[in-house]
Amino acid sequence: NSMSSWRTQFFVQDESRFKTRIGTFGLLAGVRGNYWTFNKEFIISPRATVSYFPKKNENLGFRFSTGVYYQSPFYKEVRMIETDAATDNSNVKLNDDIKSQRSLHFVLGGDYYFRLKGRPFKFTTEVYYKMADRMETYTINNLKILYSGTNDAKAYTAGVDFKLFGEFVPGTDSWIGLGLMRSKEKKNEPGAKWVARPNEQRYNFTMFFQDYIPGLPKYKVHLRFIWEDGLPFWAPNVETHSKSNTNIGKAYRRVDIGASRTFAEGDYKWLDKTKIFKAVKNINLGLEVFNLLDLINVASYYWVTDVNKRQHAVPNYLTGRQFNVRLKINF
């Protein structure tokens with residue numbers, strides 16, 4: 001197969017701020033365009049964000065974003081398998097009639113800045129809803145993603161995210177996050193029903209906490225915790241767009257811990273006298289233990305069919321406990 005194409009893209013963006021009696025407003029707006037000769041598609045993608053900071057409370061901020069977004073298909077998405085009913089032979093062709101997947105986004109968010117025990121904190125909330133059409137369904141077989149090669153579905157994604165940033169310990173950055181999400185799709189077929197998308201992760205909780213040895217702030221320790229919902233999956237050669245055939249994978253859980261030491265100018269006289277170190281701002285040396293509790297997490301499932309043609313899902317496991325040494329140099 002031989003393929004030749006030309007892609008032209010452009011974008012324009014502007015930002016402005018203005019003050020009123022009730023507060024400060026900000027507007028960030030732009031438009032992005034794209035033309036691809038492969039499918040002869042010209043798309044225009046406008047988007048804008050309006051922000052508002054009340055005059056009575058400058059620590060509080062609101063924002064609303066909306067826009068039309070396109071995702072141009074890449075090579076695996078334009079591959080389409082055609083099967084000859086008479087010979088049962090399959091051929092792969094490139095679908096030059098395919099269109100970019102399209103979605104309309106609405107995001108409402110807010111930020112609240114405050115101080116607790118003299119330390120700065122920030123609490124962020126975002127609620128989002130995204131409608132999409134011209135979607136391309138896909139399935140995951142073992143570790144391989146298989147695309148349908150056509151715009152055969154529509155979808156929506158909705159959710160809410162909460163995040164708290166701050167200095168739980170003076171001089172260090174830590175955060176806690178919680179997200180809730182639903183993502184459904186429906187094929188463009190008579191009688192089709194809404195089912196979970198392969199990327200639907202109904203909940204996720206993450207935490208990153210940092211501390212240091214009292215009196216020795218350059219010796220830091222951090223702890224990372226992740227707990228996420230499992231993803232939907234289906235057996236091969238079955239109807240994926242059916243609630244009765246939908247399985248939910250095992251939840252993903254992981255705890256990481258690490259320690260680091262920063263070497264900067266003035267720490268040691270012999271470092272200051274070293275010619276190489278004169279060009280270096282600082283050096284950070286760290287040791288991390290990923291998956292500290294050696295929890296078993298699943299990457300995907302390998303399907304095995306027995307003599308009775310029953311399919312069994314055999315999990316592919318991710319790496320267990322792992323040690324990592326990190327060296328970071330800033331010039």
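Quick notes
- Among the residues of region 35-48, those identified as under 17 Å from residue 69 (Cα atoms) and open to solvent by 40 Å² or more (accessible area, probe 1.4 Å) are 35, 42, 44, 46, 47.
- Residues that are of a type in the set (Val, Ile, Thr) and open to solvent by less than 70 Å² (accessible area, probe 1.4 Å) within region 20-29 comprise 20, 24, listed in sequence order.
- Candidates 32, 7, 17, 63 - the one that is open to solvent by less than 90 Å² (accessible area, probe 1.4 Å) and basic (Lys, Arg): 63
- Only one of the listed residues (35, 52) is farther than 30 Å from residue 111 by Cα and either touching a Ser or Thr at 6+ places or on another chain (Cβ under 9 Å) or of a type in the set (A, V, I, L, M, F, W, C) (or both). That residue is 35.
- Just one of the listed residues (95, 89, 142) is over 19 Å from residue 183 (Cβ atoms), without any contact (Cβ under 8 Å) to a residue 60 or more places away in the chain, more than 20 Å from the chain's Cα centre (by Cα) and loosely packed, with under 15 Cβ neighbours inside 10 Å, namely 89.
- Every residue from region 296-331 that is among the small types (Gly, Ala, Ser) and either under 28 Å from residue 286 (Cα atoms) or modelled with pLDDT of 90 or more (or both): 299, 320
- Selection within region 153-180 - more than 22 Å from residue 206 (Cβ to Cβ) and either crowded, with 18+ Cβ neighbours inside 10 Å or under 20 Å from the mean Cα position of the chain (by Cα) (or both): 153, 154, 155, 156
- Pairs with Cβ under 9 Å, 6+ apart, first in region 269-295 and more than 30 Å from residue 224 (Cα to Cα) and modelled with pLDDT under 95, second charged (D, E, K, R) and assigned to a loop (DSSP other than H, G, I, E, B): 271/265; 272/265; 277/265; 278/265
The values are calculated or read from the model by the stated rules, or taken from the named source; none is laboratory data. The shown structure was predicted, so the numbers you read here are calculated from the model rather than taken from an experiment. Quick reminder, even Gly has a Cβ in these numbers, built from the backbone with ideal geometry, and neighbours come from all protein chains shown. Quick note on the areas: whole protein, heavy atoms, side chains included, nothing else; ligands and nucleic acids left out. Shrake-Rupley method; radii C 1.70, N 1.55, O 1.52, S 1.80 Å.
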